[in-house]
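Colleague: What follows is a single structure, and I will ask about it in a moment.
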Amino acid sequence: MGEEQDDDLLTRLVGAELYSVQFVRDYVQLHFESLGEAPYLSCFVMPEIRSLQGVHTQEISEHSPRYADALRALIGEEVRAVSAAAGTGLTLELRTSAIIVNPTSTQLIGPEIAMLSGFSDRAWELWQPGEGEFAHLA
């Protein structure tokens, strides 16, 4: 098993291209590609999608009939910025939209919120309720 890292690992996604969105029963995996790396973010709670275009911010949640299409439409976009902060969770900003992992306590379905792995050096990071960015979900 790889060594657990701090949020600097998330910054390694900047410049990576989202090349695949994989829906797996009750979670989603976002696969990235950059300079020979193939990291992926497993989201054990469904992320929200926030449009970054236009005057009005549009948010699409998993309950929207357009959710899967909106997430797949981001394939081919590059990660421009990332952030991880208490209360706001994880944000991956792409060209047209942001992918946000910031569940409420009622959205939690297991002991993990998200996991970033798949790096060639075997580095990984796991986010859980009650810790770090998700301390408010204790």
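Colleague: Would you mind getting the Kirkwood hydrodynamic radius of the stretch 58-138 from its Cα pairs, rounded to one decimal in Å?
Modeller: Working: mean 1/r = 0.0710 Å⁻¹.
Kirkwood radius, the stretch 58-138: 14.1 Å.
Colleague: Any idea how far apart ALA81 and VAL14 come out in nm if each label point goes 7 Å out from Cα toward Cβ?
Modeller: Here the answer is 1.0 nm between the modelled labels.
Colleague: Return the Rg/Rh ratio of the stretch 65-112 with Cα-based radii and a Kirkwood Rh. Display every interim value, and only then the final one.
Modeller: Working: Rg = 12.4 Å, Rh = 12.2 Å.
Rg/Rh for the stretch 65-112 comes to 1.02.
Colleague: While we're looking at this one, here's another question. Given R₀ = 25 Å, what would the calculated FRET efficiency be for SER51 paired with GLN29, taking r from the Cβ atoms and rounding to 0.05?
Modeller: Numbers: r = 22 Å, r/R0 = 0.89.
Calculated value: 0.65.
Colleague: Using alpha-carbon pairs under 8 Å, 6+ residues apart, how would you state the relative contact order of the stretch 1-112 in percent?
Modeller: Working: 199 pairs, mean separation 28.5, N = 112.
Result for the stretch 1-112 is 25 percent.
Colleague: I would also like to ask the following. Based on the alpha carbons, how large is the Rg to Rh ratio for the chain when Rh follows Kirkwood? Could you put the intermediate results ahead of the total?
Modeller: Numbers: Rg = 14.1 Å, Rh = 15.1 Å.
Rounded to two decimals, Rg/Rh equals 0.93.
Colleague: For the chain, what does the helix formula give at 222 nm: sum of -39500 (n - 2.57) over DSSP H segments with n ≥ 4, over the residue count, nearest 500 deg cm²/dmol? Present the calculation step by step, with values, prior to reporting the outcome.
Modeller: Numbers: 2 runs with 10 residues, N = 138.
After summing the helix terms and dividing by residue count, I get -1500 deg cm²/dmol.
Colleague: Also: Counting only protein heavy atoms and using a 1.4 Å probe, what share of the accessible area of the stretch 91-138 belongs to carbon plus sulfur, as a whole percent? Each step should come with its number before you reach the end.
Modeller: Values: 1070 of 2200 Å².
The value for the stretch 91-138 is 49 percent carbon and sulfur by accessible area.
Colleague: What nm distance separates the two modelled labels at ASP121 and THR88, each placed 7 Å from Cα along Cα→Cβ?
Modeller: Once both label points are built, they end up 2.6 nm from each other.
Colleague: Might you tell me the accessible area per residue for the chain, computed with a 1.4 Å probe and given in Å²? If you can, show how the numbers build up before the last one.
Modeller: Details: 7470 Å² over 138 residues.
Each residue of the chain exposes 54 Å² on average to a 1.4 Å probe.
The values are calculated or read from the model by the stated rules, or taken from the named source; none is laboratory data. Quick caveat: nothing in here was measured; it's all calculated off a predicted structure. Cβ coordinates were reconstructed from backbone atoms using ideal geometry, including for glycine residues, and neighbour counts include every protein chain displayed. All accessible areas refer to the heavy atoms of the entire protein, side chains included, with ligands and DNA or RNA removed. Shrake-Rupley method; radii C 1.70, N 1.55, O 1.52, S 1.80 Å.
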